[in-house]
Amino acid sequence: LADNAIISLKKENYVEFDDLHHVSKLQKRKIGFSRVRFLPKKDKMRIVANTKVQCMIRTGKEGQRSPFFKRVNPSLQKLHAILRKIKNENPQALGSSVFGYDDVYKKLYQFRQEIKGVPSVYIVIA
């Protein structure tokens with residue numbers, strides 16, 4: 001399963017990063033990187049990133065501290081504000097994008113209101 005996932009990700013322009021000589025280049029970046037986990041799908045893997053947490057790369061050398069890298073969220077705050085403004089001014093521009101649990105609730109509530117009179121409709125939330 002893991003091998004198939006890596007092959008699938010490489011086809012989608014992802015690169016396996018296991019070389020520690022890139023650490024100094026990463027430290028100079030203005031934006032950090034995220035720890036990811038993989039959720040299996042039918043024939044691919046979905047990447048879920050945790051952008052809140054500061055990440056580190058283990059150097060593998062005893063006694064040497066592992067460097068911490070900047071969190072991604074603070075770097076994306078301005079972009080997030082711009083996207084929210086676009087969404088508020090022109091909701092169709094971003095399709096069905098949601099920016100948090102409140103947006104998900106609003107979409108589900110609106111959908112529920114639309115199907116209220118339709119018989120035999122079941123909604124499962126997990």
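The values are calculated or read from the model by the stated rules, or taken from the named source; none is laboratory data. Note that the structure is a prediction, hence the values are computed from the model and not measured. Cβ atoms come from the backbone with ideal geometry, glycine included; neighbour counts cover every protein chain shown.
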### Task
Inspect all residues belonging to the range 26-49 and state whether any of them is assigned to a helix (DSSP H, G or I), modelled with pLDDT under 80 and either under 27 Å from residue 3 (Cα atoms) or within 15 Å of the chain's Cα centre (by Cα) (or both).
yes
### Search result, residues across the range 100-126 that are farther than 25 Å from residue 88 by Cβ and either in contact with a helix residue (DSSP H, G or I) (Cβ under 6 Å, 6 or more places away or on another chain) or exposed (fewer than 10 other Cβ atoms within 10 Å of the Cβ) (or both)
116, 117, 118, 119, 120, 122, 123, 124, 125, 126
### Task
Please indicate, with yes or no, whether at least one residue in the range 80-99 is closer than 30 Å to residue 5 by Cβ, under 19 Å from the mean Cα position of the chain (by Cα) and either loosely packed, with under 10 Cβ neighbours inside 10 Å or modelled with pLDDT under 80 (or both).
yes
### Query
Under 8 Å by Cβ, and 6 or more places apart or on different chains, what pairs join a residue from the range 58-83 that is in a helix (DSSP H, G or I) with one that is at pLDDT below 80 and loosely packed, with under 10 Cβ neighbours inside 10 Å?
75/30
#### Entry: Residues being surrounded by 13 or more Cβ atoms within 10 Å (Cβ to Cβ) and at pLDDT below 75 - total across the range 67-79
3
